[in-house]
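Student: Quick one: the structure is below, questions incoming.
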Amino acid sequence: MIRTRIEEMRLNPEQKGHVFGELLPGAYLSSGGLAFAGRSERSHTNDGPDGRDFHVHDDREAFLILQGIGTMEINGEHHPVRAGDIVIVEPGENHHLCSDAENPIVTLWCHAGPHRHHKQS
């Protein structure tokens, strides 16, 4: 897992490509979405094969915490997150976003790849 904050990112207006640059390899943001977690919700629970509690990717995934607080569970270990944090989940890391009961999380999540999203083709 890689963790940074928006204010720590040095965005270059001349940079080509997407805002995550080398943190999220791939020329284009290729998939993603906006997620509104419920109070005390844990993402991807029982998502794996045969209902096992396992959620991984072959590429990096970026999470930008837009609102709220919680923890990012990586391979069973909980890391506190709050609005403004950027978490990059590495390939093969079993990950779940756990939302706070009083201040639920809103996230922007995305993947990058060699091709544009199909709606941009």
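The values are calculated or read from the model by the stated rules, or taken from the named source; none is laboratory data. Fair warning: this is a prediction, and the values are worked out from it, not measured in the lab. A quick note on method: Cβ atoms are made from the backbone with ideal geometry, for glycine too, and the neighbour counts reach across all protein chains shown.
Student: If I ask for residues that are assigned to a loop (DSSP other than H, G, I, E, B) and touching a Leu at 6+ places or on another chain (Cβ under 9 Å), which ones from the range 32-52 would you list?
Tutor: So the first thing to find is which residues in the range 32-52 are assigned to a loop (DSSP other than H, G, I, E, B), and the list is 37-41, 43-48, 52.
Ala37, Glu41, Ser43, His44, listed by residue number.
Student: I've got another one for you. What pairs come up if the first residue lies in the range 29-40 and is farther than 26 Å from Arg116 by Cβ and touching a residue at least 60 places away in the same chain (Cβ under 8 Å), the second is part of a loop (DSSP other than H, G, I, E, B) and hydroxyl-bearing (Ser, Thr, Tyr), and their beta carbons are under 8 Å apart, counting only those six or more places apart or on different chains?
Tutor: Listed by first residue and then by second, the contacts come to Ala37/Ser43.
Student: Here are some residues: Leu97, Leu23. Which one is at pLDDT 95 or above and either hydrophobic (A, V, I, L, M, F, W, C) or out of contact with any strand residue (DSSP E or B) (no Cβ under 7 Å at 6 or more places or on another chain) (or both)? Spell out how you get there, then give the answer.
Tutor: Values: Leu23 fails: at pLDDT 95 or above.
Exactly one of Leu97, Leu23 is at pLDDT 95 or above and either hydrophobic (A, V, I, L, M, F, W, C) or out of contact with any strand residue (DSSP E or B) (no Cβ under 7 Å at 6 or more places or on another chain) (or both), namely Leu97.
Student: Would you confirm whether or not the range 45-55 contains a residue that is basic (Lys, Arg) and over 26 Å from Pro25 (Cβ atoms)? First the steps, then the outcome.
Tutor: Narrowing the range 45-55 to residues basic (Lys, Arg): 52.
Then keep just the ones that are over 26 Å from Pro25 (Cβ atoms); that gives 52.
Yes - at least one qualifying residue is present in the range 45-55.
Student: Sticking with this one: Among the residues of the range 36-79, write down those that are touching a helix residue (DSSP H, G or I) at 6+ places or on another chain (Cβ under 9 Å) and of a type in the set (D, E, K, R).
Tutor: Answer for the range 36-79, where residues must be touching a helix residue (DSSP H, G or I) at 6+ places or on another chain (Cβ under 9 Å) and of a type in the set (D, E, K, R): just Arg60.
Student: Just the residues that are crowded, with 18+ Cβ neighbours inside 10 Å and in contact with a helix residue (DSSP H, G or I) (Cβ under 9 Å, 6 or more places away or on another chain), please, taken from the range 80-98.
Tutor: Asp85, Ile86
Student: Just one of Glu41, Glu77, Glu73 is modelled with pLDDT of 90 or more, more than 15 Å from the chain's Cα centre (by Cα) and buried (at least 18 other Cβ atoms within 10 Å of the Cβ); which is it? Break it down into steps so the answer makes sense when it comes.
Tutor: Numbers: Glu77 fails: buried (at least 18 other Cβ atoms within 10 Å of the Cβ); Glu73 fails: more than 15 Å from the chain's Cα centre (by Cα).
Within the list Glu41, Glu77, Glu73, the selection yields Glu41.
Student: Could you list, ordered by first residue, the pairs with Cβ atoms under 9 Å in which the first is in the range 11-23 and under 15 Å from Arg116 (Cα atoms) and the second is at pLDDT 85 or above and hydroxyl-bearing (Ser, Thr, Tyr), at least 6 apart or interchain?
Tutor: From residues that are under 15 Å from Arg116 (Cα atoms), the pairs are Gly17/Tyr28; His18/Tyr28.
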